[in-house]
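Engineer: Following this message is one structure expressed as structure tokens.
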Amino acid sequence: MKFVKNVAHSVRESLNHPLRITVYCFIFFVLTLSLNGVPLRLWGLYRDLDRYRGEMKQAQIDIGVLGEKLSQASDPLYIEKQARDRLDLVGENDLIFVFPTQ
């Protein structure tokens with residue numbers, strides 16, 4: 001019983017000092033944050049944000065490249081060149097040699 005009285009008396013004495021109460025509240029706040037895992041989740045969110053920003057930059061670069069290809073695709077000379085290269089087509093005035101295979 002004497003132990004309980006001593007503890008109660010020391011708690012009452014510490015409640016009379018505002019600086020001690022502030023320190024206790026700060027310690028409680030830090031412990032609550034660390035046990036809750038908020039700093040870890042916040043760090044994970046910042047890491048995800050950096051990754052998404054990198055992906056957005058890469059997507060913007062890809063959009064620029066595709067825009068250039070799209071503008072080239074509307075050019076008749078580019079279309080003719082691609083038809084000759086990829087599909088082995090020839091123009092109207094081109095001379096064709098056919099060699100028999102034997």
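None of the figures in this text is laboratory data; all of them are computed from the coordinates on show. Just so we're clear, the structure is a prediction, and the values are computed from it rather than from any experiment. Note that we place each Cβ from the backbone using ideal geometry, even for glycine, and neighbour counts take in every protein chain shown.
Engineer: To test your reading of the geometry: what angle, between 0 and 90 degrees and rounded to tens, separates the Cα axis of helix 18-36 from the longest principal axis of the chain?
Structural biologist: Taking the Cα atoms of the chain, the angle to 18-36 is about 40 degrees.
Engineer: Measure nothing but the geometry: give the 0 to 90° angle between the long axis through the Cα atoms of 38-73 and the longest principal axis through the Cα atoms of the chain, rounded to 10°.
Structural biologist: 10 degrees
Engineer: Expressed in nm to one decimal, what extension gain is obtained for the pair Leu77 and Tyr46 from 0.36 nm per residue of sequence separation less their Cα-Cα distance?
Structural biologist: On the way: separation 31, 0.36 × 31 = 11.16 nm, distance 4.83 nm.
Result: 6.3 nm gained on full extension.
Engineer: In debye to the nearest 20, how big a dipole does the range 14-102 give about its Cα centre with +1 on each Lys and Arg Cβ and -1 on each Asp and Glu Cβ?
Structural biologist: 1000 debye
Engineer: Checking the a/c ratio against 1.5 first, then a/b against b/c, what shape does the Cα gyration tensor give for the range 3-81?
Structural biologist: Cα axes put the range 3-81 in the prolate bin.
Engineer: In whole Hz, what ³J(HN,Hα) sequence does the range 87-98 give by Karplus (6.51, -1.76, 1.60; θ = phi - 60°), x for Gly and Pro?
Structural biologist: 10, 6, 8, 10, x, 5, 9, 7, 9, 10, 10, 10
Engineer: Related question: State the Cα centre-to-centre distance between the range 72-102 and the range 1-53 in whole Å.
Structural biologist: 77 Å
Engineer: Let me ask another. Work out the charge dipole of the range 39-80 with +1 on the Cβ of Lys and Arg and -1 on the Cβ of Asp and Glu about the Cα centre, then indicate which of Leu77, Met56, Leu42 is farthest towards its positive end.
Structural biologist: Comparing the listed Cα positions along the dipole, Leu42 ranks first.
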